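Inspection log for the structure reproduced underneath, given as structure tokens.
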Amino acid sequence: MLQFESIYPIIYVAVTLALTYIATRIVTLFIRGIFRSGIPIIAVHVEKVVIVAIWVIGVLIAVQTVGVRIDLILLLFALVGFAAIIAFRDVMQNIAARYFSELYVPFKLGDEITVLNYTGKVIGVNPTCTILLTKEENIISIPNQIFMKEPIINSTQAAWKELIIPIIVPTTIDLAEFEENVLKACNKLKMYWDENFPPLLTTKRRDEKEIHLELRLMVNTAEKKEIAASEINRRIFEIQQRLKSKARQTP
């Protein structure tokens, strides 16, 4: 009896962690279903955040079984988190705004834009601000959160044509195969693209776990831009999931 009582906490911890793993797999499938027709890069980030949150909860429950009071740990996390939010509120707003502006705000480096009565060429974008160069060669630094609140005018010629899709894929998949499949998907949707500008898929950066890519397309009709974006995003998402599954099955 004593022997069973001594190993009971270990069994409980193991079962809790196993259930946590199963929960992450189920939630991952659910998230992928929700974002099937959405933007792939958002699905990747949402999946990461949710998985981390589930593991934190699972580990805290497991830790509680060995006699550690998690209420104090949660209180400490809450106090530290609240203090960080207050201290870095503006910085976090700008960083978050930059992330969403990369997806939804129609401008890029080199474009001529107007915001808050300031006009200039975009010469830099960092985590907190976007830098414009005016015709008078003045430098203007605009907080990224402004772009989520104020109207923006992009004066660059044919700016409406360009469709830029950021993509993140794990290093475990075959990059050449992924690129080939994406370009084939683009070719199947050629009715949306300007035939003078073929699809361009480039690698922006790479680390040990992820590869950051950028797909650049030019639409031929402004009215079909949203439809084209939704359709190509859906196909990219399906390619990602298919190649991830293939990579997991490969020994």
Sort out which residues of the range 25-62 are at pLDDT 75 or above and closer than 29 Å to Glu214 by Cβ, and write them in order of number. Val27, Thr28, Leu29, Phe30, Glu47, Lys48, Val49, Val50, Ile51, Val52, Ala53
Only one of (1) part of a strand (DSSP E or B); (2) touching a residue at least 24 places away in the same chain (Cβ under 8 Å); (3) surrounded by fewer than 17 Cβ atoms within 10 Å (Cβ to Cβ) fails for Pro151. Which number is that? (1)
I'd like to check something: does the range 171-191 contain any residue that is within 30 Å of Lys48 (Cα to Cα), surrounded by 12 or more Cβ atoms within 10 Å (Cβ to Cβ) and under 17 Å from the mean Cα position of the chain (by Cα)? yes
Looking for something among the small types (Gly, Ala, Ser) and either in the same structural domain as Tyr12 (by TED's automatic domain parsing) or modelled with pLDDT of 65 or more (or both) - is there at least one such residue anywhere in the range 88-100? no
Out of Thr203, Thr250, Thr221, report the one residue that is in contact with a His (Cβ under 9 Å, 6 or more places away or on another chain) and either more than 25 Å from Val46 (Cα to Cα) or of a type in the set (Val, Ile, Thr) (or both). Thr203
Considering the range 214-241, residues that are at pLDDT 85 or above and of a type in the set (Asp, Glu), and then whichever is farthest from Glu195 (Cα to Cα), we arrive at Glu238
Please go through the range 211-251 and give me each residue that is within 16 Å of Leu200 (Cα to Cα), over 18 Å from the mean Cα position of the chain (by Cα) and either part of a helix (DSSP H, G or I) or of a type outside the set (Val, Ile, Thr) (or both), ordered by number. Leu217, Met218, Asn220, Ala228
Please state which of the following conditions Cys186 fails to meet, knowing it meets all the rest: (1) of a type outside the set (A, V, I, L, M); (2) in a strand (DSSP E or B); (3) in contact with a Pro (Cβ under 8 Å, 6 or more places away or on another chain). (2)
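The values are calculated or read from the model by the stated rules, or taken from the named source; none is laboratory data. Computed from a predicted model, the values in this text were never measured in an experiment. Note that each Cβ is placed from the backbone with ideal geometry, even for glycine, and that neighbours are counted across all protein chains shown.
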